[in-house]
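The values are calculated or read from the model by the stated rules, or taken from the named source; none is laboratory data. Quick caveat: nothing in here was measured; it's all calculated off a predicted structure. Here the Cβ positions follow ideal geometry from the backbone for every residue, glycine too, while neighbour counts run over all protein chains shown. SASA here: full protein model, heavy atoms, side chains in, ligands and nucleic acids out. Shrake-Rupley method; radii C 1.70, N 1.55, O 1.52, S 1.80 Å.
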Amino acid sequence: MVRIEEPCDYGGRFWRAGCGCQAVAECVYCGHPFCEAHGDCGLAPDFTAACHRRACRAKVADLAAHLAWRQRQQVANNVSQCAAEGCGERRQHACSRCRLLFCAAHVHERTVLNRLTTPARRELALVCEHCHERSKLWDRR
């Protein structure tokens, strides 16, 4: 386990100091240190540590919902069908985000933020509606 030298800064704002207790981890989403009372260490399926800030809790919940959704939609892909709910068309194109396969009607070319490059840049990619809706949460800073 990596020792966190900084104290917990949960609840701190411009004129208000944070918690100040010994931090146990740094949030994988916002990078802030947090103590045992202000975050969860390793409780997620992938053993990530996330603080209790509203945006970080929303990302934890979204990721769990997305993984469940992806598992349900994979069933259609396994029989060569579009992954969109209730669509029986043949799969044709892959979403660049979730990697599921969709028919032409359920995947669209959109401008996405590619964080794998330094600096992050906007580029065109095929994205399903589900992933497009998720990007509103994940692309915020």
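Once segment 89-105 is narrowed to residues that are assigned to a loop (DSSP other than H, G, I, E, B) and among the basic types (Lys, Arg), the residue that is most open to solvent (accessible area, probe 1.4 Å) is ARG99. Considering segment 15-31, the residues that are among the small types (Gly, Ala, Ser) and assigned to a loop (DSSP other than H, G, I, E, B) include one that is least open to solvent (accessible area, probe 1.4 Å), namely ALA23.
Exactly one residue out of ASP46, ASP40, ASP62, ASP9 is under 22 Å from LEU137 (Cβ atoms), of a type in the set (Asp, Glu), out of contact with any Ser or Thr (no Cβ under 7 Å at 6 or more places or on another chain) and assigned to a loop (DSSP other than H, G, I, E, B): that is ASP46. Evaluating ALA68 against the criteria (1) within 30 Å of VAL24 (Cα to Cα); (2) touching a residue at least 12 places away in the same chain (Cβ under 8 Å); (3) open to solvent by less than 60 Å² (accessible area, probe 1.4 Å) leaves one unmet condition, (2). Summed over segment 75-88, the residues that are surrounded by 15 or more Cβ atoms within 10 Å (Cβ to Cβ) and in a loop (DSSP other than H, G, I, E, B) give a count of 4. Give segment 38-54 a look and list any residue that's modelled with pLDDT of 90 or more and loosely packed, with under 14 Cβ neighbours inside 10 Å, or say none. Across segment 38-54, the qualifying residue is only ARG54.
Looking at ARG115, ARG122, just one residue is under 15 Å from the mean Cα position of the chain (by Cα) and free of Cβ contacts under 8 Å to residues at least 24 places away in the same chain, and that residue is ARG115.
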